[in-house]
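Student: Have a look at this one.
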Amino acid sequence: MSWNRKLLMVDLTRKSYYSVDIPSDTLRAFIGGRGLAAKLLWDLNQPGVNPLSPENHLIFAVGPLTGYPVPSSGKMLIASKSPLTGGYGDGNIGTRAAVEMRKTGYDAIVVKGASDKPTVLFITCKSVEFHDAEDLWGKGTRETEKKLKERFGSDVSVLSIGPAGENKVLYATVISEHGRSGGRPGMGAVMGSKKLKAVVFKGCEMPEPSNKRELLKAATEAYNFLKSAPAYEFWVRQGTMGTIVWSQKNSALPTYNFREAVFDDYEGISGDIMEKMKVASGACPMCNMPCRNYVEYSINGTKDVAEPDYENVAMLGSNIGIGNLAEVSHLNNVIDDYGMDTISTGNVLGYVMELSEKKLIKDYTLEWGDFRKALEAVKMIALREGFGNLMADGVMRLSRYVGGEAQDFAMHVKGLEISAYDCHAAPGMALAYGTSSIGAHHKDAWFISLEINMGRDLYNEEKPRRLVLMQNIRGGLFESFVSCRLPWVELGLDIQNYVRFIRAATGVDFTWDELMTVAQRIYSLVRAFWVREFKAEGKSWGRYMDIPPARWFKEPLTKGPLSGAKVDFNGYNFMLDKYYELRGWNSEGIPKKETLEKLGLDYVASTLYG
Ligand code: PTT
Ligand code: SF4
């Protein structure tokens, strides 16, 4: 069976709820996670809805692999219309809450309305309860989770927001287990706008897989493969932090607001330094390749423990000129507690540092590498104090406020700040950012590693072809199964294992081609959602939405072995055209009518084309 086949609909305004069955053909067509979330947002949201209004829907979704004993399946998706970008937004979070949610008997939970007072939702397999959370409003995510466990029992799992979500910082996220964060494009702000401080889960039992024997057999083989993979030992030592040195060597480490791609002090924030500070490691549920590294650090004599990952460290380290992992870890920790995205925060700080250096702002200044002032700025953002109120709206809005040349080095795509790979010398990765489903995030395609092998300075048809495949696997399948992609990405677990898992779990004889069609369907639906929302709000939509910041085209690198590199604008557009062709979208990046119909999205076609 595998799917719970149930949707929980919660109305926070009325404090009511009911459940509905999900039709089998919907599950087959969208699988779960992102697929289901995109379908629900398309169906339930009024076009043009204000993302921070009660009418916007917030979705928590698991998939048919979530929580099964298959490699790294302890993940879930949080999705909504994004207040940061105005388009489709989601995030993937690895937490026990994913497993508990699956055990409550729902595949997705849809939250609409807004409470008049801070509220906690307590969801079990038997009931849905609305609890007062007045005492938690204003508290950090760490204390919130602790207090909720005291209140509901140590066996519950918690997703919560901090002051940033409450204050509707446009890149506020949802936090779990202190150091896990999901929903970069402001999913925490959507929760805050609904006065939903936290969701607490306590499940009963997992749904039975369709073919348990086969699922366990396939999973055991995969777990064994991972343990014996050549990269395993280094992975469990450094996890994503190994990428700092990799990015430095490959001129991809964002440095000084993506002005450069190598950082003089990279050794101070490297995986090797992290290993020296490491006091423990951990894993998301069902994972046998633990990559959560807990480091102990001391700032001004006060010790604490943080959980740094590559993106956090690059964006709060090299990108803002800090080469000290203790300082970066502290920033990371504080940002987790406020509940906002480290990538966007690092971008905003780097952007304000560059604006200050160029004397383009007078209201507030920040210098490269100034840890103390960066820490103050983080607080100002989370609490929307002074200039922090503007910084809380992200780089795109800040660049419009400053205007002129400042827009050229505003590092975002579609309003979402760029994650930690510089693309001066990686046009295919720039295309991956340009076309990602939620704005500039690497989750749909960490194309740069492949591109380095293919030839970085090439502009050809092969790159968009490989990019579409990579996005379909990562953004289509892993986000819908919902399961961590890192066994496949980092340790080379053959993707065909997942075809075996999904068949055994669901009992549906999915073929590879059918799974690719599901992924194409999800991509076109998500893109159609963006277009529908932009049109409904009277905002313009065009291929310029898929073009990364001017900096990468105009200002070459001046340091490192790839000094002089920049992206060729015509070459980029050539690959973008090929990309559109492969997706069946027109030259403005809009899915064609016949593409939508071929994918079974006739209802979407009739909205876009009348
Ligand atoms: C993800 C993004 C990432 S991706 C990182 S580090 W990375 C940043 N982490 C943050 C953090 O921490 N605190 C914080 N306040 N903000 C943060 N923002 C950033 O968020 C994450 C891991 C990692 S570590 C990666 S690559 C992989 N991502 C996966 C994905 O997206 N899908 C999937 N099926 N599997 C994945 N496996 C890996 O999971 P977002 P997590 Mg995160 C402290 O949420 O919104 O998708 O942005 O999920 O549980 O923290 O695991 O070098
Ligand atoms: Fe979590 Fe890392 Fe395991 Fe993925 S590989 S499930 S991010 S611990």
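Student: Please work out the C-alpha center-to-center distance from the stretch 488-560 to the stretch 223-280 and express it in whole Å.
Tutor: For the stretch 488-560 versus the stretch 223-280, the Cα centre distance is 25 Å.
Student: How far apart, in nanometres, would the label points at residue 569 and residue 539 be if each is projected 7 angstrom from Cα along the Cα-to-Cβ direction?
Tutor: Result for the modelled spin labels: 2.4 nm.
Student: Follow-up question, since we're still on this one. Rounded if a/c is under 1.5, else prolate if a/b is larger than b/c, else oblate: which is the stretch 6-202, with a ≥ b ≥ c the root eigenvalues of its Cα gyration tensor?
Tutor: Cα axes put the stretch 6-202 in the rounded bin.
Student: Using a simple charge model, +1 on the beta-carbon of Lys and Arg, -1 on the beta-carbon of Asp and Glu, nothing else, what dipole does the chain show about its Cα centre, in debye to the nearest 20?
Tutor: Using Cβ point charges on Lys, Arg, Asp and Glu, the chain gives about 1040 debye.
Student: Going toward the positive end of the dipole of the chain, with +1 on Lys and Arg Cβ and -1 on Asp and Glu Cβ, which of 541, 525, 442 do you reach last?
Tutor: Projecting each Cα onto the dipole axis, the largest value belongs to 525.
Student: Here's something else I'd like to know. Post the alpha-carbon centroid distance, the stretch 156-204 to the stretch 375-429, in whole angstrom.
Tutor: For the stretch 156-204 versus the stretch 375-429, the Cα centre distance is 21 Å.
Student: Here's a follow-up. Would you list the P(r) distribution for the stretch 240-415, with all Cα-Cα distances sorted into 5 Å bins from 0 and each bin expressed as a whole %?
Tutor: 2, 9, 18, 21, 20, 15, 10, 5, 2, 0, 0
Student: Then there is this: Full extension from residue 305 to residue 246: what is 0.36 nm times the residue separation minus their Cα-Cα distance, to one decimal in nm?
Tutor: That pair, residue 305 and residue 246, stretches by 18.7 nm at full extension.
Student: The stretch 329-386: which trypsin sites (Lys or Arg not before Pro) are DSSP loop and have at most 14 other beta-carbon atoms within 10 angstrom?
Tutor: Those that pass, being in a loop and sparsely packed, are 358, 359, 362.
Student: Okay, next question. Classify the stretch 362-474 as rounded, prolate or oblate, taking a ≥ b ≥ c as the square roots of the eigenvalues of its Cα gyration tensor: rounded when a/c is under 1.5, otherwise prolate if a/b is larger than b/c and oblate if not.
Tutor: prolate
Student: Below 8 Å between Cα atoms, with a sequence gap of 6+, how large is the relative contact order for the chain in percent?
Tutor: 16 percent
Student: How far is it, in nm, from the label point at residue 462 to the one at residue 516 when both lie 7 Å from their Cα along the line to the Cβ?
Tutor: 1.8 nm
Student: Based only on Cα atoms, what mean projected area does the convex hull of the chain have, in nm²?
Tutor: Mean projected area of the Cα convex hull: 24.2 nm².
Student: Which percentage, to the nearest 5, of the DSSP beta bridges contained in the stretch 231-355 is antiparallel?
Tutor: Around 100 percent antiparallel, to the nearest 5.
Student: Continuing with the same structure: Could you derive backbone 3J(HN,Hα) for the stretch 520-530 from the dihedral phi with the Karplus parameters 6.51, -1.76 and 1.60 (θ = phi - 60°), listing whole Hz in sequence and x where the residue is Gly or Pro?
Tutor: Going residue by residue, I get 4, 4, 4, 4, 6, 5, 4, 5, 4, 4, 4 Hz, with x marking Gly and Pro.
Student: Dividing the convex hull volume of the alpha carbon atoms of the stretch 46-152 by its residue count, what do you get in Å³ per residue?
Tutor: Once divided by residue count, the hull of the stretch 46-152 is 135 Å³.
Student: Rounded to the nearest 500 deg cm²/dmol, what is the calculated helix-only ellipticity per residue at 222 nm for the chain, with -39500 (n - 2.57) per DSSP H run of length n ≥ 4?
Tutor: Value at 222 nm, helices only: -12000 deg cm²/dmol.
Student: Cα centroid distance between the stretch 9-40 and the stretch 307-332, in Å?
Tutor: 38 Å
Student: Along the Cα→Cβ direction, 7 angstrom out, place labels at residue 379 and residue 365. What is the inter-label distance in nm?
Tutor: 2.2 nm
Student: Give me the number: length gained by fully extending residue 298 to residue 43, i.e. 0.36 nm times residue separation minus the C-alpha to C-alpha distance, one decimal in nm.
Tutor: 86.8 nm
Student: Looking at the stretch 507-574, what % of the alpha carbon pairs are farther apart than 19 Å?
Tutor: Within the stretch 507-574, distances greater than 19 Å cover 61 percent of Cα pairs.
Student: Taking every DSSP beta bridge that has both residues in the stretch 6-202, what percent is antiparallel when rounded to the nearest 5?
Tutor: 75 percent
All of the numbers you see were taken from the coordinates with simple rules; none came from a lab. Since this is a predicted model, take the numbers as computed values, not measurements. In this analysis, Cβ positions are derived from the backbone assuming ideal geometry, glycine residues included, and neighbour counts consider all displayed protein chains.
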